[in-house]
């Protein structure tokens, strides 16, 4: 049985969401008035095996009496901090010259996941998306400088039924929250993940605070650091005021992709003005990312001061790049070019416009073992078509008639049926990705020369991440030979000509090298007389949103 497949979403705008978000955030925020005093302990470790050598391991322990009286102990291999807050007094003892931002954020996310006041100013004007019992609210903030403009994406996602926060993201905050358990009226996420490389905190215990030793919350005790270690958040314009002159820099040649654009990340500057940490690097050409990383690391700043004392600073920063092609190597086109050529070469809906009916059978695991499902695609034009898949008692239909689009989903196997539609027409729409997401190289499938277009993580040994990686393999004529997404590999065989394109009539879908599904095209013929009524699904109007499907 194929699992882990989701329904396409429904998107709406202008809905009043501030009240729902406020209630959800307050329910999971521990450091607020009314929370029963607690003692919390959590252990930290990389979320993925590939990051096991990142050094991002540690422990967070918090003793909390009130918003103005608490004690916190943070540990990682290179840093240890004890902090006590009592009223207006803040006492710290730090071991290590740099407070890792990933450690700071994780300690905050465990008890204060979302900065409510900041978020409430955006949710009502954000984009609201309903998807499989999940409510997503996203918004964009303009960033950058007068010379180079950028954006920052933020958002929150809630479960529709419980109102619990699933994940949130913003500048200097955010994470994914799971395994909620009740604590005196609050809901505490016992699994919290954030950062890049991602770290997961597992709450080992949260209990009533109980009696504390004498002086445990004394923020005026001797032996503390003379100045608390602080990290401030800055906009890029303010950050650049402290940027020291840089030596000349030459960008490396780029074999493929765009030659000009911007490379962006978030950096953390230590108290001496050195870049010590940064977030994911994003650019219009991923091949420039490593050079961008080296450029960011080479930056030096005058120390940032608060009340005359140096502090750490975090900001988004963007750099323009301009490169050239290397000589004597194969140059590749853009991912967009390969995708569009593949559509025109491999799929009848993108060929010469010949109306058609395509029928196929597929095999998948059902209640009685392996069972057969059916697929039918009727296409008259780009504005009049219908795709339908059925399996057991489930049915999924997508259609269009003129400027109206429809979606009908019935039965428990709808995710499986949506998966079938995607396998049959898998190339992503060009308005659903950034060109810089994709890496292109020469590859082969058996004895066939191919071009591989890939996004997502790939290990040094060439293993693709089943959750992140998407790949497409085209031959030199543009035919799509193989795909990889959601951990499934689909191999395409038996190409037969129709309407100026070559359509694969046999597809093998594999998971971890084992056959999970077979799809056989049983009929592909010109469309005869087709009633326009089949393209209308009254009561099932639908608006395409955030889906990779072109049609």
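Filtering 93, 36 for residues that are at pLDDT 95 or above and outside any strand (DSSP E or B) leaves a single hit, 36.
Taken over region 458-478, the criterion of being surrounded by 19 or more Cβ atoms within 10 Å (Cβ to Cβ) and either within 14 Å of the chain's Cα centre (by Cα) or outside any loop (DSSP other than H, G, I, E, B) (or both) is satisfied by 470, 471, 472, 473, 474. Looking across region 105-121, the residues that are over 19 Å from the mean Cα position of the chain (by Cα) and buried (at least 20 other Cβ atoms within 10 Å of the Cβ) come down to 107, 110, 111, 119. Screening residue 154 against (1) closer than 29 Å to residue 70 by Cα; (2) at pLDDT below 95; (3) crowded, with 19+ Cβ neighbours inside 10 Å leaves a single unmet condition, (1). Scanning region 133-150 for residues that are over 30 Å from residue 321 (Cα atoms) and surrounded by fewer than 13 Cβ atoms within 10 Å (Cβ to Cβ) turns up just one, 133.
Okay, residues lined up against (1) modelled with pLDDT of 95 or more; (2) assigned to a helix (DSSP H, G or I); (3) more than 23 Å from residue 363 (Cβ to Cβ):
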site	(1), (2), (3)
492	yes, no, no
496	yes, no, no
516	no, no, no
521	yes, no, no
529	no, no, yes
539	no, no, yes
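For residue 56, the conditions (1) outside any strand (DSSP E or B); (2) surrounded by fewer than 16 Cβ atoms within 10 Å (Cβ to Cβ); (3) modelled with pLDDT of 95 or more are fulfilled apart from (2).
Of all residues in region 70-81, those satisfying the criterion of being within 32 Å of the chain's Cα centre (by Cα) and either in a loop (DSSP other than H, G, I, E, B) or touching a residue at least 60 places away in the same chain (Cβ under 8 Å) (or both) are 77, 78, 81. Within the set 409, 450, 429, the sole residue that is in contact (Cβ under 8 Å) with a residue 60 or more places away in the chain, assigned by TED's automatic domain parsing to the domain that holds residue 479 and touching a strand residue (DSSP E or B) at 6+ places or on another chain (Cβ under 6 Å) turns out to be 409.
Just one of the listed residues (62, 84, 111) is part of a loop (DSSP other than H, G, I, E, B), under 18 Å from residue 41 (Cβ atoms) and assigned by TED's automatic domain parsing to the domain that holds residue 19, namely 111. On the given criteria, is residue 259 modelled with pLDDT of 90 or more, surrounded by fewer than 19 Cβ atoms within 10 Å (Cβ to Cβ), in contact with a strand residue (DSSP E or B) (Cβ under 8 Å, 6 or more places away or on another chain) and not assigned by TED's automatic domain parsing to the domain that holds residue 526? No: the conditions fail for residue 259. Within region 353-391, being free of Cβ contacts under 8 Å to residues at least 40 places away in the same chain and under 33 Å from the mean Cα position of the chain (by Cα) holds for 374, 376, 383, 388, 389, 390, 391.
Listed by position, the strands (runs of 3 or more DSSP E) enclosed by region 132-235 that each have at least 2 residues that are closer than 24 Å to residue 42 by Cα are 149-159, 165-170, 173-183, 186-194, 199-208.
The values are calculated or read from the model by the stated rules, or taken from the named source; none is laboratory data. Computed from a predicted model, the values in this text were never measured in an experiment. When we count neighbours, we look across all protein chains shown, and the Cβ atoms used for this are built from the backbone with ideal geometry, even at glycine.
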